[in-house]
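Chemist: Take this structure, written in structure tokens, and hold onto it; I'll ask about it next.
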Amino acid sequence: MTFHDANGSRTMRIGILGTGAMAEALGGAWVRAGHEVMVGGRNAASAAATAARIGATAHGGPAEAARYGEAVLLAVPADVAPQLAGELAADLAGRIVLDCTVPMQPSSHGGPVLSTAGGTDSAALRIAVAAPHADVAKVFGICHESIWALPQPAFEGAPLAVPFCTDAPPADVVTRELITSMGCTPLPCGDLQRAALLEAAAVFAIGVWWSGSEVRHAFPAPALAPGAVHD
Ligand SMILES: NC(=O)c1ccc[n+]([C@@H]2O[C@H](COP(=O)([O-])OP(=O)(O)OC[C@H]3O[C@@H](n4cnc5c(N)ncnc54)[C@H](OP(=O)(O)O)[C@@H]3O)[C@@H](O)[C@H]2O)c1
């Protein structure tokens, strides 16, 4: 049965693979939004503890969480995610897989770099190849966990915009619904070939934050330039 709250939001069943910081922050946000969440971890005690902290509906192993969710969040390290998706491919078939991973590694180049080849190669595309019967969306990887823990993320008077990439219409619909139910604004950014851009943007932003600077100060909209003429 499908339930709708006063805002018309649909109650969704969401499985989470992972029990760490992002599992807790996003899972908590979805519980607050009225969704039913199962935390799935390879360590049963961690899954139970994270589920208890956020008030999740259930906890279990990764395969159980994959089968539980209409949507399934991969909240594991980026270098693990494609392999895990492959191991759970049968359980993930027909699900919307939400990939929040950031494929990042340290470097001697003045900041972290992608651990993928870049270009169009991305953790998201690798996950899509590993679980070919799931619909993958790249989403929720741009913001730090602390942002998702906020009750209503909004800054400078505007709800948080959440960029996402997907090829699959069902994933597009569900991702928009989830983002909206969290009080945020969906920001569609193209198909999964462009997920590499979101992953690179996250690595770039993390490098800037680690240097002690503020990313958003580097991206004023052209429209903010007084007297500017725009095409
Ligand atoms: N933290 C952030 O602010 C943030 C922001 C944006 C995106 N992300 C991305 O979100 C993902 C999760 O980050 P996190 O900060 O939540 O990491 P985390 O706190 O270290 O949690 C990682 C989780 O992955 C599990 N895991 C690791 N290897 C596994 C495997 N082989 N099979 C099954 N589970 C495995 C861990 O289980 P064990 O406890 O059993 O090891 C743990 O539950 C990463 O890809 C990260 O790049 C993080």
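The values are calculated or read from the model by the stated rules, or taken from the named source; none is laboratory data. What you see is a predicted model, and the numbers here were worked out from it, not measured in a lab. Every residue, glycine among them, receives a Cβ derived from its backbone with ideal geometry; neighbour counts consider all protein chains shown. We work out accessible area using only protein heavy atoms, side chains counted, and drop any ligands, DNA or RNA first. Shrake-Rupley method; radii C 1.70, N 1.55, O 1.52, S 1.80 Å.
Chemist: For labels at residue 219 and residue 155 in the simple 7 Å Cα→Cβ model, what's the distance in nm?
Modeler: 0.9 nm
Chemist: Next question. Which angle between 0 and 90 degrees, to the nearest 10, do you get for helix 195-210 versus the longest principal axis of the chain when only C-alpha atoms count?
Modeler: So the helix axis and the longest Cα principal axis differ by about 70 degrees.
Chemist: Here is a further query. Relative to the Cα centre, what is the charge dipole magnitude of region 124-231, using +1 at the beta carbon of each Lys and Arg, -1 at the beta carbon of each Asp and Glu, and rounding to the nearest 20 debye? Mind showing how you got there, number by number?
Modeler: On the way: 5 positive and 10 negative charges, 26 e Å.
Once rounded to the nearest 20, the dipole reads 120 debye.
Chemist: Give me the angle, in degrees from 0 to 90, between the Cα long axis of helix 169-181 and the longest principal axis of the Cα atoms of the chain, rounded to the nearest 10.
Modeler: The angle comes out near 80 degrees.
Chemist: Give me the percent of the accessible area of region 1-140 that comes from carbon and sulfur atoms, probe 1.4 Å, all protein chains in place. Each step should come with its number before you reach the end.
Modeler: Numbers: 3190 of 6050 Å².
That share works out to 53 percent.
Chemist: How many angstrom lie between the C-alpha centres of region 42-117 and region 134-171?
Modeler: 16 Å
Chemist: Any idea of residue 209's accessible area? Nearest 10 Å², probe 1.4 Å.
Modeler: Surface open to solvent at residue 209 totals about 100 Å².
Chemist: OK, next. Please give the helix 21-32 orientation as an angle from the longest Cα principal axis of the chain, in degrees from 0 to 90, rounded to the nearest 10.
Modeler: It works out to around 80 degrees.
Chemist: Okay, next question. For region 1-110, what size does the Cα cloud have along each of its three principal axes, sorted from largest down, in whole Å?
Modeler: Computed over region 1-110, the largest-to-smallest principal extents equal 52, 32, 28 Å.
Chemist: Pick from 73, 197, 92: which residue has the top mean-square fluctuation in a GNM of the chain where Cα pairs under 10 Å get a spring?
Modeler: Taking springs between Cα atoms under 10 Å, the residue moving most is 197.
Chemist: Using a Gaussian network for the chain with springs between C-alpha atoms less than 10 Å apart, which of these wobbles most: 60, 119, 86?
Modeler: Comparing 60, 119, 86 in a Gaussian network model of the chain, the most mobile one is 119.
Chemist: Please check: in the Gaussian network model of the chain (C-alpha springs, under 10 Å), which one of 181, 213, 46 has the largest mean-square fluctuation.
Modeler: Sorting by GNM fluctuation, first place goes to 213.
Chemist: Ok, one more. If ligands, DNA and RNA are left out, what is the accessible area of residue 10 with a 1.4 Å probe, given in Å² to the nearest 10?
Modeler: 50 Å²
Chemist: Two decimals, Cα atoms only, Kirkwood Rh: what is Rg/Rh over the chain? Walk me through the numbers on the way to the answer.
Modeler: Working: Rg = 17.6 Å, Rh = 18.1 Å.
Ratio of gyration radius to Kirkwood radius: 0.97.
Chemist: Next up: Give, as ranges by residue number, the residues of region 176-211 whose backbone N falls under 18 Å from the point 7 Å along Cα→Cβ of residue 13.
Modeler: Answer for region 176-211: 178.
Chemist: With n ≥ 4 as the cut-off for DSSP H runs, can you work out [θ] at 222 nm for the chain, using -39500 (n - 2.57) per run divided by the number of residues, rounded to the nearest 500?
Modeler: Numbers: 9 runs with 82 residues, N = 231.
Estimated from H runs of four or more residues: -10000 deg cm²/dmol.
Chemist: Here's a follow-up. If I ignore ligands, DNA and RNA and count only protein heavy atoms, how much of residue 109 is accessible to a 1.4 Å probe, in Å² to the nearest 10?
Modeler: Surface open to solvent at residue 109 totals about 150 Å².
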